[in-house]
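The values are calculated or read from the model by the stated rules, or taken from the named source; none is laboratory data. What you see is a predicted model; the values in this text were computed from it and never measured. As a convention, Cβ positions derive from the backbone with ideal geometry for all residues, glycine included, and neighbour counts pool all protein chains shown.
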Ligand code: SF4
């Protein structure tokens, strides 16, 4: 069948069989099927025509577990090529730079045998093309970044949404098949860019509809409306009361911890009661949940404790003259200890600002000390339950079952992957544990991510693996262009996890 190429890259249309244009070669590593001229790269920059040979531009990444004389992991500076004692170093063939096979019924690019003590092992290695994948972003902050379900945009395109807030962190769900394929071509492209950059630990600028402007980057503090967040709160207002009540006793008569979710009032709270504290008589606004715990004292915002208030007295509803007394010492503080104010009640039972006593300030500082550094955490969530499995075995359900039976260890660039229970092979990985620049893309659009399946060779044969394509590790090292990086010491060695 002949092919007419209206596409400038000579990509085949639906139902067409790709044949190279004169002087070009066809890349068959993904459905785009680029025609690539000599010395040029295809649309994704991952494959090039070098001397008429289709070549994966980036070398295959091997990770070496080499210990120095103190027993510490050797890391290779700047991940430069390294030709050290490969014969002695346990090496793991990651899928970074491995390439893809398309269509998937072809065996994966590398199926590598190795030894674990006397046990024959195998690792199936491929750069998967993930149409179904997303990134879950945890942003350590109390500040209101936007309402739940609010759209998150990049360059004006919707690329995800704000999802359920967790303890001390705002959460985003970004990318996913609906944004990649269900909107305009531009939405798909921008979404793909955002996902690849997040995975590769680049900063990504986002706008939350009706909320904040964000810059998120894996492993770095979030930047919210231009301000880098420093502290992750110690807990909600009630938890803060519970943690520090004993330390306040005797130094202050009432403490109100301002929090968007649960504002705590010490003497009314169970912690104050257990310590026999005299009721302070200060009532706060909002909805009382249980004694000393109040919801909705203000609106969400960037003020104290994730509320919109900058003047804490705004949440004081009344002062009960039957309980409060002149000279009563009152601390108001946020859940990170960044905001605080000290007051003493005067003869009229008015809250009058006063200098904070040293012992009270010490506890405020301790709140700050107990806050962890605010970070962005980025998890890749990808569905490998589809055709990718055919590159591993001719009977894909056997792979799914073997993973669920824990016979197969799934990693992404050597990083451990959590496999979700239930159907399919849905893996979730912390991108900071993966090698640099692990993620790529193809213009279908979809994300390219490394994935490896490690198991005993006997189990591989039993699940219908492509045994005729198994190659020894030494053969891969000798024959393939590669670079060696140090093994990430935080990651378990993949073969060691297999029973
Ligand atoms: S987009 Fe990349 S992988 Fe796909 S055909 Fe083109 S060069 Fe090959």
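Quick notes on this one:
- Restricting attention to the range 24-44 and to residues that are free of Cβ contacts under 8 Å to residues at least 60 places away in the same chain and within 15 Å of residue 58 (Cβ to Cβ), the residue that is farthest from the ligand (Cβ to nearest atom) turns out to be 41.
- When residues of the range 55-68 are limited to those that are without any contact (Cβ under 8 Å) to a residue 60 or more places away in the chain and either buried (at least 22 other Cβ atoms within 10 Å of the Cβ) or away from the ligand (no atom under 14 Å from the Cβ) (or both), the one farthest from residue 114 (Cα to Cα): 68
- Applying the criterion of at least 2 residues that are within 24 Å of residue 30 (Cα to Cα) and over 14 Å from the mean Cα position of the chain (by Cα) to the strands (runs of 3 or more DSSP E) found wholly in the range 366-462 leaves 409-412, 440-442, 446-456.
- Residue 191 meets the conditions (1) assigned to a helix (DSSP H, G or I); (2) surrounded by fewer than 21 Cβ atoms within 10 Å (Cβ to Cβ) in every case but one. The failed one is (2).
- Conditions (1) closer than 17 Å to residue 134 by Cα; (2) crowded, with 23+ Cβ neighbours inside 10 Å: number failed by residue 176: (2)
- Whichever residue in the range 45-54 is more than 6 Å from the ligand (Cβ to nearest atom) and assigned to a strand (DSSP E or B) and, among such residues, is surrounded by the fewest Cβ atoms within 10 Å (Cβ to Cβ): 53
- Hey, residue 142 within 22 Å of residue 219 (Cβ to Cβ), in contact with a helix residue (DSSP H, G or I) (Cβ under 8 Å, 6 or more places away or on another chain) and modelled with pLDDT under 95 or not: yes
- Strands (runs of 3 or more DSSP E) within the range 250-328 that include 3 or more residues buried (at least 24 other Cβ atoms within 10 Å of the Cβ): 254-258, 263-265
- From the list 394, 369, 359, the lone residue that is surrounded by fewer than 20 Cβ atoms within 10 Å (Cβ to Cβ), without any contact (Cβ under 8 Å) to a residue 40 or more places away in the chain and out of contact with any strand residue (DSSP E or B) (no Cβ under 6 Å at 6 or more places or on another chain) is 369.
- Index of the failed condition, residue 148 passing every other in (1) part of a strand (DSSP E or B); (2) at pLDDT 95 or above; (3) surrounded by fewer than 16 Cβ atoms within 10 Å (Cβ to Cβ): (1)
- The set of residues from the range 201-216 being crowded, with 19+ Cβ neighbours inside 10 Å and in contact with a helix residue (DSSP H, G or I) (Cβ under 8 Å, 6 or more places away or on another chain) comprises 201, 204, 206, 216.
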